[in-house]
1. Does at least one position in the range 48-67 carry a residue that is surrounded by fewer than 19 Cβ atoms within 10 Å (Cβ to Cβ) and within 16 Å of residue 113 (Cβ to Cβ)?
2. Is it the case that some residue within the range 122-138 is in the same structural domain as residue 220 (by TED's automatic domain parsing) and in a strand (DSSP E or B)?
3. When the residues of the range 175-199 are narrowed to those that are modelled with pLDDT of 65 or more and crowded, with 19+ Cβ neighbours inside 10 Å, which ends up nearest to residue 40 (Cα to Cα)?
4. All but one of (1) assigned to a loop (DSSP other than H, G, I, E, B); (2) in contact with a helix residue (DSSP H, G or I) (Cβ under 9 Å, 6 or more places away or on another chain) hold for residue 55; which doesn't?
5. Name the residue, out of 70, 81, 93, that is surrounded by fewer than 18 Cβ atoms within 10 Å (Cβ to Cβ) and either in the same structural domain as residue 194 (by TED's automatic domain parsing) or within 13 Å of residue 44 (Cβ to Cβ) (or both).
């Protein structure tokens, strides 16, 4: 068995998936500037559809943006506001994008929380690949896949690379070769905040430093890609985590 440095990238940042209810503007300002209290959401394709869905100013007096123009944006809920009208209560989320260039209120049903399906819920490679290609929470995973063009995504390899066995490849008999990059398993590799592209750039930079340039990666053949990504998305325990496991096996 050939054992090379580990290609596992993993760090977990637990966050509460419950937004804070701000009772005054000073509290709102605190939560807006404390990203640890933010919860990751996306545009809700099922509820918005083709009609207008506005982002209002924080006083709820002026329309600022239309969500239909921000279908790929990552939104972060930092507080909420309950509006009572005609005997009904409507919840509005107070949101921002990652660099706080947009701040406002959105009707809660127009957003959906970022979630990642557990790796054990998929039936086969095709099922898992379709999920990676289409799920809103898997933008980072799609970018990482493109970095390994000659390694097809494998469900079994993904289960393996996310398991404890991947940390001790010498003790397993499933694969003859396991390539691990344990030295890139640092929090600085894929930061908690930032655009998908900025995270990919940081990841590639770390790979370059240990000799795995894009040219080197492109020269690798016969491997399968194991990949599991939680990019500030809710897991089965209800917490929003950042956790990336990636490996090449054969």
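The values are calculated or read from the model by the stated rules, or taken from the named source; none is laboratory data. Since we're looking at a predicted model, the values are computed, not measured. With ideal geometry, Cβ positions are generated from the backbone for all residues, glycine too; neighbour counts draw on all protein chains shown.
1. There is no residue in the range 48-67 that is surrounded by fewer than 19 Cβ atoms within 10 Å (Cβ to Cβ) and within 16 Å of residue 113 (Cβ to Cβ).
2. Looking through the range 122-138, none of the residues is in the same structural domain as residue 220 (by TED's automatic domain parsing) and in a strand (DSSP E or B).
3. 199
4. Of everything listed in (1) assigned to a loop (DSSP other than H, G, I, E, B); (2) in contact with a helix residue (DSSP H, G or I) (Cβ under 9 Å, 6 or more places away or on another chain), residue 55 misses just condition (1).
5. Matching residue, one of 70, 81, 93: 70.
Results for (1) more than 16 Å from the chain's Cα centre (by Cα); (2) surrounded by fewer than 20 Cβ atoms within 10 Å (Cβ to Cβ), shown as yes or no for each residue.
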site: 113; (1), (2): no, yes
site: 125; (1), (2): yes, yes
site: 131; (1), (2): no, yes
site: 138; (1), (2): no, no
site: 145; (1), (2): no, no
site: 160; (1), (2): yes, no
site: 164; (1), (2): yes, yes
